[in-house]
Amino acid sequence: MTTLRPFVALAAALLTKAALAQEAPAPAATPASAPQQLERVEITGQRGDELEQRRQSTAAKIIVGRDEIERYGDTTLGEVLKRLPGVTMGGAPGRGGAIRMRGLGGGYTQILLDGERVPPGFAIDALDPEQVERIEILRAPTAETGARAIAGTINIIMREGYRKHVNDLKAGSAWENSQITPGFAWTLNDSADALTYNVSASGMVQRRESATDTATVNQRLADGVTTLAQDQSSASLEERQRLNLNARLQWRGAAGESLVLMPFAVLSNGNTQRASRLVQTVGTDPPPYASAEAETDGSFSLLRVNALWNKRLGETLRSELRAGLGTTRIANHTLTNQFGTPATEPDPRVIDDDSAVRDRSANLSGKLFALVDNEHSVVGGIETEGTWRAETRFTTENGVPQLAGYGEDFDAATSRIALYAQDEWNPTPQWSAHAGLRWEGLLTTGDPGDGSLVRNLSSVWAPIVHAVWKPDPASRSQVRASLTRSYRAPPLQNLIARPTFSLRYPVPGPNLPSSPDRVGNPDLLPELANGVDLAFEFYPKGGGILSASLFRRSIANLIRSVTTEQVVPWADVKRWVAQPRNIGNAVTQGLELEAKFRLSDVWADALPIDLRANASVFRSSVESVPGPDNRLDQQPPGTLNVGADYRLRSIPLTLGATVNWTPGYTTRLAADQTASVGAKTVVDANALWTFTPSVRLRLSAGNLAAADYGTGGSFETESLRETTETTTRTYVNWQLRLELKM
């Protein structure tokens, strides 16, 4: 197992309204013949009203505070995000996956941590919700937050400095399919003279099982005769340990001067054991193997320290300077034994794959904030960032190196610089506006290890305008409009033309379109998107919100992986190879509806049940791909969330439940290729018993409607159609947690 190293994540604090809490002193006892029994009186201040902040923001923004984050006792941040308007999650129910806004993943959604982009290899599910102060969702980009946000931006604000004294401990365990996962989360807020600090830690020891079945069928197009039929079943057991640590240390000086240090570390390692069987019932050529056993040891460590310095330069001028250093290391070693292979029977084919990736990064940025004539709030800044990657990968088959001619080492570097300015002002009491311009340049260089050099240079101008109109200054309804330009830069792994071979069909023999080799493309251009957003919002007197939002994005230089059969230097026969390419233009559009209110505010005789619902409908088309179903990759037709919470009056019990539904769909990736995803329904419920204000017990159930989850696809050649269908089992996840305020 590779030694873990600490990491500290990107952080740059954003000021927020937070809770103020104080305990009222007990009244002094009055003289009496018998002692008087005094009751403890506690006065708790309310957290900043997230809905009011959302209402006052000129750029369309959804703010999720601590109350909402804590509502269901989620153990991963992905579980919190999946219930938010317009947010979907890939992968099987209850197992997490890539976070997407408006159904778009793969870099379309910008994920920020304290206003900075998350480091490479970092998964949002690695964050415990207890480490998060609030979540900000921006449906359209701003010049300050960055234009790499075609679908939108999710900004995760880590626990902030001292607002009230907090010393909370939450410990419990989860059960899934007889496997136990214990975990804990601890948070401390305090102050000492000019220093205020927040420290939090969370950890878990996870055990979980997975099982999948995949059927592959080839049929001749001419007569429909089946020429190949394979069934592969696999089961795995994963054991993983993870520890998260983060802190925020803030020193306040005179005249608005402050210095903040934000260290953040994630340490994780694990072991996964897999066993699979491959049964071929039709086919003239023997299968690649009959059974296989594999074991993977992996580790991930991330250490990052960010600093933020604020200084007031005058009554209307303020400066902010940020700097950060970080390092990430990912190591994986997989040893696979394939039995019953045609080439090595009766001896196994042994595939040994050992890889290590180390990323180092540094960033420096500065901002100036100015208030002009009490009407304009102007900000301008410059950002610089550099990342350096060193990767080593060594793969052998029965002791023979498989990447001969490509070298074992790979190095790459990315440099980024951005300049921006934006102005927010209120022309009239009914109107507020926000305009900005951002320029960003990216340079990527790399050495794939075969003696060639890769260089990719791109730059983008992004003008951005937002506006809000209120029919009356005191009106509870308002209309929003945005015109934006955003982009998606090609990921580093898509630029480097270093091949990755199919382990199911190792070289030098042939493979199938469903198991292609993969290679990068150094000539990729960034995707550019022109967008328009229009929204109507209504804020009822009793609280809550009703909103409807329309959006449209026109995308140029769309990047998509294209699978073709090629003559390759690493095999004696033609191999199927998947390579990213710019394939043309695309359009995506949709409607997002949201409602949040208390039932008793609508119906006087109803129980005080808090209701939340949101529904989204997405449509997209890729110009160069024939329809139907020529949608953007992995974008579902829509999503639906419905939730309710009720605090019983007679006993200290709070009940809550949510239903998350995403319909199944088929995507035509090319004229000869499709991908399909089955419908997904996730039902979560929880019960919270409050013994005292300081002691609570929570029982949660995730994925109560556990059902098999299906994915698949098809690929057509000149004479054959290959179809694959994969079924993944899912399980109910139970959690019991004790929550203590110490």
Criterion: in contact with a Ser or Thr (Cβ under 6 Å, 6 or more places away or on another chain) and within 29 Å of residue 207 (Cα to Cα) - qualifying residue of 271, 332, 310: 332
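Pick from the stretch 454-480 the residues that are outside any loop (DSSP other than H, G, I, E, B) and open to solvent by 40 Å² or more (accessible area, probe 1.4 Å): which of them is farthest from residue 340 (Cα to Cα)?
Residues of the stretch 454-480 outside any loop (DSSP other than H, G, I, E, B): 454-469, 477-480.
Remaining after also requiring open to solvent by 40 Å² or more (accessible area, probe 1.4 Å): 455, 457, 459, 461, 463, 465, 469, 479.
Details: 455: 44, 457: 48, 459: 52, 461: 57, 463: 60, 465: 63, 469: 70, 479: 66 Å.
Step by step, filter the stretch 454-480, then rank; the result is 469.
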Complete set of residues in the stretch 126-144 that are surrounded by fewer than 23 Cβ atoms within 10 Å (Cβ to Cβ) and in a loop (DSSP other than H, G, I, E, B): 144
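Looking only at residues in the stretch 524-556 that are closer than 24 Å to residue 444 by Cβ and touching a Lys or Arg at 6+ places or on another chain (Cβ under 9 Å), which one is surrounded by the fewest Cβ atoms within 10 Å (Cβ to Cβ)? If you could, list the steps in order and put the result at the bottom.
Residues of the stretch 524-556 closer than 24 Å to residue 444 by Cβ: 524-529, 555-556.
Next, only the ones that are touching a Lys or Arg at 6+ places or on another chain (Cβ under 9 Å) stay: 524, 526-529, 555.
Numbers: 524: 21, 526: 19, 527: 23, 528: 21, 529: 26, 555: 26.
Taking the candidates together, the pick is 526.
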Lone unmet requirement of (1) within 27 Å of residue 307 (Cβ to Cβ); (2) surrounded by fewer than 22 Cβ atoms within 10 Å (Cβ to Cβ); (3) among the aliphatic types (A, V, I, L, M); (4) touching a Gly at 6+ places or on another chain (Cβ under 7 Å) for residue 69: (4)
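Considering only residues that are over 30 Å from residue 736 (Cα atoms) and free of Cβ contacts under 8 Å to residues at least 40 places away in the same chain, look in the stretch 183-197 and name the one that is surrounded by the most Cβ atoms within 10 Å (Cβ to Cβ). Show your work before the answer.
Filtering the stretch 183-197 down to residues over 30 Å from residue 736 (Cα atoms) leaves 191-196.
When the remaining residues are screened for being free of Cβ contacts under 8 Å to residues at least 40 places away in the same chain, the result is 191-193.
Details: 191: 15, 192: 8, 193: 7.
Per the criteria, the residue is 191.
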Candidates 641, 630 - the one that is buried (at least 16 other Cβ atoms within 10 Å of the Cβ) and closer than 19 Å to residue 95 by Cβ: 641
Qualifying residues in the stretch 570-596 (those that are surrounded by 19 or more Cβ atoms within 10 Å (Cβ to Cβ) and within 28 Å of residue 544 (Cα to Cα)) - the one modelled with the lowest pLDDT: 596
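Just to verify a result, which residue in the stretch 589-634, among those that are polar (S, T, N, Q) and not in a strand (DSSP E or B), is nearest to the chain's Cα centre (by Cα)? First the steps, then the outcome.
Start the filter on the stretch 589-634 by keeping residues that are polar (S, T, N, Q), which leaves 589, 600, 614, 616, 620-621, 624, 630, 634.
Filter once more, keeping what is not in a strand (DSSP E or B): 600, 624, 630, 634.
On the way: 600: 35, 624: 29, 630: 25, 634: 15 Å.
Ranking the candidates gives 634 first.
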From 241, 230, 219, residue being open to solvent by 50 Å² or more (accessible area, probe 1.4 Å), part of a strand (DSSP E or B) and more than 30 Å from residue 126 (Cα to Cα): 219
Failed item, numbered, when residue 321 is tested on (1) at pLDDT 95 or above; (2) under 30 Å from residue 393 (Cα atoms): (2)
Residue, farthest from residue 184 (Cα to Cα), within the stretch 221-254, restricted to residues that are at pLDDT 95 or above and among the small types (Gly, Ala, Ser): 229
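Look at residue 369 and say whether it is closer than 30 Å to residue 438 by Cβ, surrounded by 17 or more Cβ atoms within 10 Å (Cβ to Cβ), of a type in the set (Phe, Trp, Tyr) and modelled with pLDDT of 90 or more.
Details: closer than 30 Å to residue 438 by Cβ: yes; surrounded by 17 or more Cβ atoms within 10 Å (Cβ to Cβ): yes; of a type in the set (Phe, Trp, Tyr): yes; modelled with pLDDT of 90 or more: yes.
It is true that residue 369 is closer than 30 Å to residue 438 by Cβ, surrounded by 17 or more Cβ atoms within 10 Å (Cβ to Cβ), of a type in the set (Phe, Trp, Tyr) and modelled with pLDDT of 90 or more.
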Tally, over the stretch 288-320, of residues that are outside any strand (DSSP E or B) and buried (at least 20 other Cβ atoms within 10 Å of the Cβ): 2
Close pairs (7 angstrom Cβ cut-off, 6 or more residues apart or separate chains): in contact (Cβ under 8 Å) with a residue 40 or more places away in the chain and more than 30 Å from residue 615 (Cα to Cα) in the stretch 643-655, among the acidic types (Asp, Glu) and buried (at least 16 other Cβ atoms within 10 Å of the Cβ) anywhere: none
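The values are calculated or read from the model by the stated rules, or taken from the named source; none is laboratory data. Everything numeric in this text was worked out from a predicted model, so none of it was measured. Heads up, the Cβs are rebuilt from the backbone with ideal geometry, glycines too, and the neighbour counts pull from every protein chain shown. The protein model used for the area step is the full one, side chains on, heavy atoms only, and it has no ligands, DNA or RNA in it. Shrake-Rupley method; radii C 1.70, N 1.55, O 1.52, S 1.80 Å.
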